[in-house]
Amino acid sequence: MKLTDQQIDQISVLLGAAQRNLDRIREILAAREEYAELAPLSANNKNGKFLSERGIEVCYRLFDNDENPYAVARLMNISYTAAANRHATWEKAGGKNRRPSPLT
């Protein structure tokens with residue numbers, strides 16, 4: 001069976017879209033491995049229903065890695081409002097230029 005030029009073009013478009021999706025999946029998986037060290041879901045990140053000092057630092061480090069408040073809320077299982085408030089305090093502390101605290 002011989003393919004027409006139009007069919008070849010359609011296949012090329014589909015292959016390009018598939019490659020972009022695979023690249024995005026690789027990025028997501030790499031980010032998960034990177035954040036495993038931070039342990040965003042660790043029980044040590046919360047004191048009751050509030051973030052512990054460690055939890056605050058984990059939020060800040062996620063922001064340092066260009067995560068937005070929606071992503072931080074999802075990664076840490078906290079509300080968007082809490083993440084947005086932490087983002088504001090992170091910016092006031094200097095954003096990426098702040099001095100990181102040790103994770104305890």
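The values are calculated or read from the model by the stated rules, or taken from the named source; none is laboratory data. Every value quoted in this text rests on a predicted model; they were computed, and no experiment measured them. Every residue, glycine among them, receives a Cβ derived from its backbone with ideal geometry; neighbour counts consider all protein chains shown. When the accessible area is computed, the model is the full protein with side chains, heavy atoms only, and any ligands, DNA or RNA have been set aside. Shrake-Rupley method; radii C 1.70, N 1.55, O 1.52, S 1.80 Å.
Brief remarks follow.
- Qualifying residue in region 61-74 (condition: open to solvent by 90 Å² or more (accessible area, probe 1.4 Å) and in a helix (DSSP H, G or I)): yes
- Given (1) modelled with pLDDT of 90 or more; (2) surrounded by 11 or more Cβ atoms within 10 Å (Cβ to Cβ), index of the condition Gly16 fails: (2)
- Of the residues making up region 78-104, those that are open to solvent by 40 Å² or more (accessible area, probe 1.4 Å) and not in a helix (DSSP H, G or I) are Ser79, Ala93, Arg99, Pro100, Ser101, Pro102, Leu103, Thr104.
- Single condition Lys96 does not satisfy, out of (1) modelled with pLDDT of 90 or more; (2) touching a Lys or Arg at 6+ places or on another chain (Cβ under 6 Å): (2)
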